[in-house]
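S.K.: First the structure, which I've put down as structure tokens, then a few questions once you've had a look.
The values are calculated or read from the model by the stated rules, or taken from the named source; none is laboratory data. Small disclaimer: the values here were computed from a predicted structure and weren't measured. All Cβ positions, glycine included, derive from the backbone under ideal geometry; neighbour counts span all protein chains shown.
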Amino acid sequence: MTLAQTEPSERSEFEAPEDVRMSDEDQQDNGFVGSSFAELGVAADLIAVLARAGITTPTEVQVMTIPDGLAGRDVSGKAQTGSGKTLAFGLPLIERTETAARRRPRSLVLVPTRELANQVTETLAPLAVARKLWLCAIYGGVSMFRQIKALQAGVDLVVATPGRLNDLLERGEVSMEDVRTVVIDEADQMADMGFLPQVDRILARVEGAQVMLFSATLDGMVGALVRKYQHEPVRHEVAQETVSVNTLEHRFIGVTAEEKVAVAAQICAGARRALVFVKTTHGADRLATQLGNAGLRTAAMHGRLAQGRRERTLAAFTDGETTVLVATNVAARGLHVDGLDVVLHYDLPEDAKTYVHRSGRTARAGEEGLAVTLCQPYETRDVALLQRDAGLNLRVVPMSPDDVRLLDLGAWEPPLGAPSTDGPRNARATGNSPQRSGGANRRPAARRPEAARGRGNGSWR
């Protein structure tokens, strides 16, 4: 619970901290020219808090959404990661939040992950202190006891993941009856993770509240949420996802199974800080160990880690103690770290949308970044489809671990020419993939998928 993360025994003494910290997303220096927070209607005391954090000029999404948020209108916002959207909803939220009764918060922010809950809480905490508001992050993976204790003392603003909040609602430890402002952040990610039914159960308990929703997309299941729970929402669209792709440098590197780890190690060795994506928790642990054995300071981040260990792992990566973080998609959602040299797709993303979400972490708010994808021969058509849907047309360049280009992939331009989309899809998915060496049941015919693509030797070379 915050002021700032203190025990809720008193609600009478408040001191704004001298060292004000806010999340990386909102410390942007690319403000929207011609506007100021005062002109948007933000109060002087909150502007002073922002100034102490080095935030003096609003970003585009803030200019668009803050006046409507302050006016109490429902808002549907579409903006890329790193655009400053936490303050876009956070400033109106703090301004409109009143003191709450025990177990009856006045404002609610719903987020998909524990990491994002902590980051939103960190951003809003200095503003809450200025208004003498109590703020609490509620999420699973930790004991309920302290969360229940905070709610019993009285929390004005709750930042929560849907699952844990529903657990507390069913136990009668919290009520939504007094909630007057709701924010749904990263709604598209909640849809991807299957959380919208949980969100629906929560919103069904809220009546007459202002609803602000932010998402990378506003159609599909997210659009249904807008239609059901927002009243005549004002829609603001700042940037398409393709903007992040266009500010990226892309490299598709052809590897064999035998050399894949060694190639990844060379790429990470040439970066000051690298974020590596894999598909499974077991794969994250295994690759982190392998990269560690190659001499890299590496840690794994996935959903099976206890919350305390997750926080220590993230802190070590943010502080530079760890230079390589191997993460699964779910664990990395809501992860915002400045200074990423490269995002490495060790396992091929499922689709272009996943590719954009992953890659955008190294090209935030218009900054340039480098996204590298490792491709095995049997993934040729999947790579072609991925590039087509992402608007790319780059050749897969085969490299071995001793290729000096791996240490600085941004220093050379890849040739054009994506692989062909002809032929079968991922051979592993159809059971026709090459078998690992050894074993009595090894079948020579297993190489047919590569041969069908003109790669009869099972490699890119």
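S.K.: Determine whether Phe214 is assigned by TED's automatic domain parsing to the domain that holds Lys78, closer than 22 Å to Ala71 by Cα and surrounded by 19 or more Cβ atoms within 10 Å (Cβ to Cβ). Show your work before the answer.
M.R.: Numbers: assigned by TED's automatic domain parsing to the domain that holds Lys78: yes; closer than 22 Å to Ala71 by Cα: yes; surrounded by 19 or more Cβ atoms within 10 Å (Cβ to Cβ): yes.
So Phe214 passes the test.
S.K.: Could you look through the range 91-116, keep only residues that are without any contact (Cβ under 8 Å) to a residue 60 or more places away in the chain and part of a helix (DSSP H, G or I), and pick out the one that is nearest to Val63 (Cα to Cα)?
M.R.: Leu91
S.K.: Kindly check whether there is at least one residue in the range 142-149 that is touching a strand residue (DSSP E or B) at 6+ places or on another chain (Cβ under 8 Å), surrounded by fewer than 24 Cβ atoms within 10 Å (Cβ to Cβ) and touching a residue at least 24 places away in the same chain (Cβ under 8 Å). Write out each step before concluding.
M.R.: Quick first cut of the range 142-149, residues touching a strand residue (DSSP E or B) at 6+ places or on another chain (Cβ under 8 Å) only: 147.
Filter once more, keeping what is surrounded by fewer than 24 Cβ atoms within 10 Å (Cβ to Cβ): none.
Taking every residue of the range 142-149 in turn, none turns out to be touching a strand residue (DSSP E or B) at 6+ places or on another chain (Cβ under 8 Å), surrounded by fewer than 24 Cβ atoms within 10 Å (Cβ to Cβ) and touching a residue at least 24 places away in the same chain (Cβ under 8 Å).
S.K.: Let me ask something else about it. Quick check: anything in the range 302-322 over 16 Å from the mean Cα position of the chain (by Cα) and assigned to a strand (DSSP E or B)?
M.R.: Within the range 302-322, not a single residue is over 16 Å from the mean Cα position of the chain (by Cα) and assigned to a strand (DSSP E or B).
S.K.: Restrict the check to the range 281-290 and report whether at least one residue is under 18 Å from Leu116 (Cα atoms) and either at pLDDT below 95 or under 14 Å from the mean Cα position of the chain (by Cα) (or both). Break it down stepwise before answering.
M.R.: Step one: filter the range 281-290 for residues under 18 Å from Leu116 (Cα atoms), giving none.
Looking for residues that are under 18 Å from Leu116 (Cα atoms) and either at pLDDT below 95 or under 14 Å from the mean Cα position of the chain (by Cα) (or both), one finds none in the range 281-290, hence no.
S.K.: Considering each of Leu335, Leu325 in turn, give the residue that is modelled with pLDDT under 85, not in a helix (DSSP H, G or I) and not assigned by TED's automatic domain parsing to the domain that holds Gln210.
M.R.: Details: Leu325 fails: modelled with pLDDT under 85.
Being modelled with pLDDT under 85, not in a helix (DSSP H, G or I) and not assigned by TED's automatic domain parsing to the domain that holds Gln210 holds for just one of Leu335, Leu325, which is Leu335.
S.K.: Here's another thing I want to ask about it. If you check Phe317 against the conditions, is it among the aromatic types (Phe, Trp, Tyr), at pLDDT 90 or above, out of contact with any His (no Cβ under 8 Å at 6 or more places or on another chain) and assigned by TED's automatic domain parsing to the domain that holds Asp341?
M.R.: Working: among the aromatic types (Phe, Trp, Tyr): yes; at pLDDT 90 or above: yes; out of contact with any His (no Cβ under 8 Å at 6 or more places or on another chain): yes; assigned by TED's automatic domain parsing to the domain that holds Asp341: yes.
Answer is yes for this residue.
S.K.: For the range 131-160, which positions are small (Gly, Ala, Ser) and under 18 Å from Leu116 (Cβ atoms)? Before you say what the answer is, go through the steps one by one.
M.R.: To start, the set of residues in the range 131-160 that are small (Gly, Ala, Ser) comprises 137, 140-141, 143, 150, 153-154, 160.
Answer for the range 131-160, where residues must be small (Gly, Ala, Ser) and under 18 Å from Leu116 (Cβ atoms): Ala137, Gly140, Gly141, Ala160.
S.K.: Of the residues in the range 101-111, how many are farther than 8 Å from Leu157 by Cβ and in contact with a strand residue (DSSP E or B) (Cβ under 8 Å, 6 or more places away or on another chain)?
M.R.: So the count comes out to 2.
S.K.: Answer with yes or no whether Thr113 is more than 24 Å from Gly72 (Cα to Cα), in contact with a Gly (Cβ under 9 Å, 6 or more places away or on another chain) and in the same structural domain as Arg164 (by TED's automatic domain parsing).
M.R.: Values: more than 24 Å from Gly72 (Cα to Cα): yes; in contact with a Gly (Cβ under 9 Å, 6 or more places away or on another chain): yes; in the same structural domain as Arg164 (by TED's automatic domain parsing): yes.
For Thr113, the condition - more than 24 Å from Gly72 (Cα to Cα), in contact with a Gly (Cβ under 9 Å, 6 or more places away or on another chain) and in the same structural domain as Arg164 (by TED's automatic domain parsing) - is met.
S.K.: Of the conditions (1) at pLDDT 95 or above; (2) part of a helix (DSSP H, G or I); (3) within 22 Å of Arg310 (Cα to Cα), Ala128 fails just one. Which one is it?
M.R.: Condition (3) is where Ala128 drops out.
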